[in-house]
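What follows is a set of notes on a single structure, which appears directly below.
The values are calculated or read from the model by the stated rules, or taken from the named source; none is laboratory data. Keep in mind that what you see is a predicted model, and the values were worked out from it rather than measured. Methodologically, a virtual Cβ is constructed for each residue, glycine included, from the backbone with ideal geometry; neighbour enumeration extends over all protein chains shown.
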Amino acid sequence: MELVAILLLSLMGLVASCPPPFNDFKYLNTTLLGELREQYLYNKTIARRWVNAVTHPYTPLKPWPADDDGITRIKYCYRSKEEKEHLKPWFDKGWEIWHKKIGDANAENGHSLATPVEYTKDGTPLYCNEPLHTWNPQVPHDVLEVRWDEDKDGNRDTSLAGGSGTMGYFPDSFRNNAGRHSYHLNINPPLDWDPTVTVAHEFGHIFGLEHEHQRADRDHYVHFECKNLRDWEFFKKRIEDYPGYGPPEDVCRDWHKSMMYGWRSAQQFSTDNAYDRDVDPSGEDPFEKEASTEYDYKSIMHYHSRSFAKTTADFEEFTLYKWKNGGKEYEPPSKPTRDNAEFQAQNEEPSDLDYEGIKKMYPWRS
């Protein structure tokens with residue numbers, strides 16, 4: 001009964017204060033809450049270099065399928081004409097950041113991922129919804145839906161800023177509902193931030209890439225300071241009012257416990273396995289992630305030091321600190337200082353290792 005109460009409280013808090021997806025992305029990005037919930041029993045991060053969720057043999061998530069010529073062209077549609085007019089320039093800029101790094105799909109570049117293609121019929125682009133809030137029967141269910149978020153009255157929510165995206169491709173055998181692949185962009189004034197990097201980061205999730213800073217060996221390279229999350233005080237009180245899962249510091253670092261309280265900002269930094277062995281202690285983790293070996297500070301999938309921070313200013317208020325001497329064998333101190341830690345910058349383009357991840361997920365096959 002207590003668990004049910006906490007779950008209900010969690011959902012009420014999300015709907016009231018921060019409707020899905022979590023959209024305060026001036027300083028970070030995230031995956032849709034719905035997809036995080038879908039992966040509740042399954043996610044696991046291996047301590048490697050680039051991290052993806054689609055190439056491990058056990059995962060039902062897959063890379064986007066290739067066309068008959070072996071080239072992968074992700075098909076997408078805008079939900080409505082108005083959304084296309086507003087979001088298309090940013091969508092195109094986000095892809096261009098990736099294209100500048102990885103180039104065209106060919107043998108020389110070593111990958112088969114081409115420019116996404118707007119879904120058409122007889123040469124005419126189709127909208128995902130026709131009418132609005134009703135999936136267009138002429139559009140296949142697996143087409144990527146590009147849209148903004150709405151407020152409780154069904155209108156464009158201009159209070160939001162940022163983006164979110166589902167991760168990889170969901171084959172029909174896993175999920176076959178319309179709109180199961182979605183790309184939410186909320187780009188509203190005042191634009192005192194550059195949305196382009198956010199859009200590019202979310203493209204990484206669409207392709208199948210995970211967050212770099214959520215690797216299991218993360219603490220050897222960066223330090224996460226939970227108490228500097230901007231919603232720390234709110235959830236600290238909630239946990240104290242509804243105890244049973246340990247102190248706030250433990251809840252903050254545990255994916256399952258933070259989910260029980262609706263603490264979505266904390267989940268974006270968790271390194272633990274979201275696959276619950278208590279539910280299925282004998283089975284293989286069906287969402288095992290695959291990766292390589294080297295930590296990538298330069299990945300576009302890496303958050304920066306002020307992600308979800310209370311302020312944008314002082315060193316003492318960062319959420320992520322980069323260890324100056326971080327490495328595989330580094331034993332991190334208990335507390336970051338100006339002597340042992342420094343600012344982790346926002347990466348504005350895919351890294352060389354992000355490129356390697358694309359080649360792993362979408363290899364060139366002659």
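Contact annotation: residue pairs with Cβ atoms under 8 Å, 6 or more positions apart or on different chains, pairing a residue in region 165-188 that is within 23 Å of residue 113 (Cα to Cα) with a partner that is of a type in the set (Gly, Ala, Ser) and assigned to a loop (DSSP other than H, G, I, E, B), are 167/53; 167/208; 168/53; 168/208; 169/208.
Of all residues in region 192-220, those that are within 11 Å of residue 97 (Cα to Cα) have Cβ atoms under 6 Å from Cβ atoms of residues that are of a type outside the set (A, V, I, L, M, F, W, C) and surrounded by fewer than 18 Cβ atoms within 10 Å (Cβ to Cβ), 6 or more apart or on another chain, in 196/93; 197/348. In region 113-138, the qualifying residues are those that are part of a strand (DSSP E or B) and of a type outside the set (Asp, Glu), and the one that is nearest to residue 363 (Cα to Cα) is 113.
The set of residues from region 146-157 being farther than 21 Å from residue 264 by Cβ and in contact with a strand residue (DSSP E or B) (Cβ under 9 Å, 6 or more places away or on another chain) comprises 146, 156. So which residues in region 130-142 are surrounded by 18 or more Cβ atoms within 10 Å (Cβ to Cβ) and under 24 Å from the mean Cα position of the chain (by Cα), if there are any at all? Hit for region 130-142 is 142, nothing else.
Out of everything in region 255-273 that is out of contact with any strand residue (DSSP E or B) (no Cβ under 8 Å at 6 or more places or on another chain) and within 25 Å of residue 315 (Cα to Cα), what residue ends up being surrounded by the most Cβ atoms within 10 Å (Cβ to Cβ)? Once the filter is applied, the top-ranked residue is 263. Look through region 61-70, keep the residues that are surrounded by 17 or more Cβ atoms within 10 Å (Cβ to Cβ) and not basic (Lys, Arg), and return whichever of them is modelled with the highest pLDDT. Here the answer is 64. Within region 310-364, the set of residues being at pLDDT below 95, surrounded by 15 or more Cβ atoms within 10 Å (Cβ to Cβ) and among the small types (Gly, Ala, Ser) comprises 357 only. Of the residues making up region 71-112, just one is at positive phi and surrounded by fewer than 16 Cβ atoms within 10 Å (Cβ to Cβ), namely 103.
Would you say residue 157 is surrounded by 18 or more Cβ atoms within 10 Å (Cβ to Cβ) and either at pLDDT 95 or above or more than 20 Å from the chain's Cα centre (by Cα) (or both)? No; evaluated as a whole, the condition is false for this residue.
Per the listing 200, 178, the residue uniquely closer than 16 Å to residue 144 by Cα, buried (at least 22 other Cβ atoms within 10 Å of the Cβ) and not assigned by the TED database to the domain that holds residue 331 is 200.
Could you check, for region 259-273, whether at least one of its residues is charged (D, E, K, R) and modelled with pLDDT under 90? Spell out the reasoning first.
Our first condition is that a residue be charged (D, E, K, R); within region 259-273, this holds for 264, 272.
Keeping just the survivors that are modelled with pLDDT under 90 gives 264, 272.
Yes, the conditions are met somewhere in region 259-273.
One residue is enough: does region 341-362 have a residue meeting the conditions under 15 Å from residue 227 (Cα atoms) and in contact with a strand residue (DSSP E or B) (Cβ under 6 Å, 6 or more places away or on another chain)? The answer is no; no qualifying residue exists.
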